[in-house]
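As structure tokens, the structure follows; a few thoughts come after it.
The values are calculated or read from the model by the stated rules, or taken from the named source; none is laboratory data. Computed from a prediction, not measured in an experiment: that's the story for all the values here. Virtual Cβ from ideal backbone geometry, glycine too; neighbours counted across all protein chains shown.
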Amino acid sequence: MQPRKDLLDIASLRDEELRAILDSAVEMKAAFLRDGEQLPNLRGRSVLTLFYEPSTRTRSSFELAAHRLGAHVTTFTVGTSSVVKGESVHDTIDTLMSMKQDYIIVRHKNSGIPAVIARHCKAAVINAGDGAHAHPSQAFLDAFTIREHFGSLAGRRVIIIGDILHSRVARSTSLMLKRLGAEVAYMGPGSLVPPTAHTGLPRFTHWDAAFDWQPDVIYLLRVQNERIDTPFFPAADYHQAFGITEERLQRIAAENMAIMHPGPVNRGVELCDAAMDYRNCLVCQQVQNGVIARMAILNHLTPQTLR
């Protein structure tokens, strides 16, 4: 398999690469569970996290993944850097490359910024979320979690619920699942769900139709309050229309469906409290698998500095 320098989106990866990274994650998890065993794969290498947007789960899991592979990790805190003084992305890249980094993990509010950075440096660049464009590492941890829970992705049905139009998670995860043989459908507020003609995916507007589709996984997207212009978002109304209420949880449990969420969960909005304690709620499993999948991603890439 040809070495790959960057991970910018799911679309640019070959099917065999998707499967290879998922297979590698199985080995990484076995090592991860052996008393926190550290692997030597990235020993002597440097990993920098460059987050222009707030993040807890993604950044910390990348940092832990790099540590577990033996790398030295540096956190570039944008809020206290020269970026707030007006430094451009290109100037920041020049500054970072003078530090001789091997891997740079980037999150930015504008789509395409990780790709710009990748074109201008020899380090392997990983897109940790850019605007509404892509979030490929989330797609890997989601696919790995579903495969781990069910044994296979082929033929599984996953319905993704929420603001599909602006969701980089929905875009990346649905594409990856489809390419690996799963069926994917969308549901959410009408103006925030692209029509089937644009996506090729079934689109539902209410729970009865969604349940009739018989999904294996119900994947709820986080309501991104920080990106909502309306000062008084009707959280209770959203919960009743699109959330997992206690009544819906009973049907989910009766049909043995799994629940997923990219986190952090807004309790009482996407999920009722009881859903987090449901036997097939995979949210905590997703958190652990975030470290595992990102270990596999880092291990898969080859910076030009290593060639």
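State whether the residues of segment 220-233 include one that is in a loop (DSSP other than H, G, I, E, B), modelled with pLDDT of 90 or more, farther than 16 Å from His261 by Cβ and under 23 Å from the mean Cα position of the chain (by Cα). Checking segment 220-233: not a single residue is in a loop (DSSP other than H, G, I, E, B), modelled with pLDDT of 90 or more, farther than 16 Å from His261 by Cβ and under 23 Å from the mean Cα position of the chain (by Cα). A count restricted to segment 283-307 and to residues that are surrounded by fewer than 21 Cβ atoms within 10 Å (Cβ to Cβ), in contact (Cβ under 8 Å) with a residue 24 or more places away in the chain and within 16 Å of Tyr219 (Cα to Cα) stands at 3.
Residues of segment 5-35 that are of a type in the set (A, V, I, L, M, F, W, C), surrounded by 15 or more Cβ atoms within 10 Å (Cβ to Cβ) and either assigned to a helix (DSSP H, G or I) or more than 20 Å from the chain's Cα centre (by Cα) (or both): Leu18, Ala20, Ile21, Leu22, Ala25, Met28, Ala31, Phe32. Only one entry in Gln2, Gln38 is over 24 Å from Arg171 (Cβ atoms), in contact (Cβ under 8 Å) with a residue 12 or more places away in the chain and either assigned to a loop (DSSP other than H, G, I, E, B) or among the basic types (Lys, Arg) (or both), namely Gln38.
This table checks each residue for (1) outside the structural domain of Phe32 (by TED's automatic domain parsing); (2) modelled with pLDDT of 90 or more; (3) out of contact with any His (no Cβ under 9 Å at 6 or more places or on another chain).
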| site | (1), (2), (3) |
| --- | --- |
| Leu64 | no, yes, yes |
| Ser88 | no, no, yes |
| Asp94 | no, no, no |
| Met99 | no, no, yes |
| His108 | no, yes, yes |
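Within segment 253-273, residues that are more than 13 Å from Ile218 (Cβ to Cβ) and β-branched (Val, Ile, Thr) sit with their Cβ atoms under 8 Å from residues that are modelled with pLDDT of 95 or more and surrounded by fewer than 17 Cβ atoms within 10 Å (Cβ to Cβ), at 6+ positions apart or across chains, in these pairs: Val265/Met276. Scanning segment 246-267 for residues that are in a helix (DSSP H, G or I) and over 20 Å from Thr145 (Cα atoms) turns up Glu246, Glu247, Arg248, Leu249, Gln250, Arg251, Ala254.
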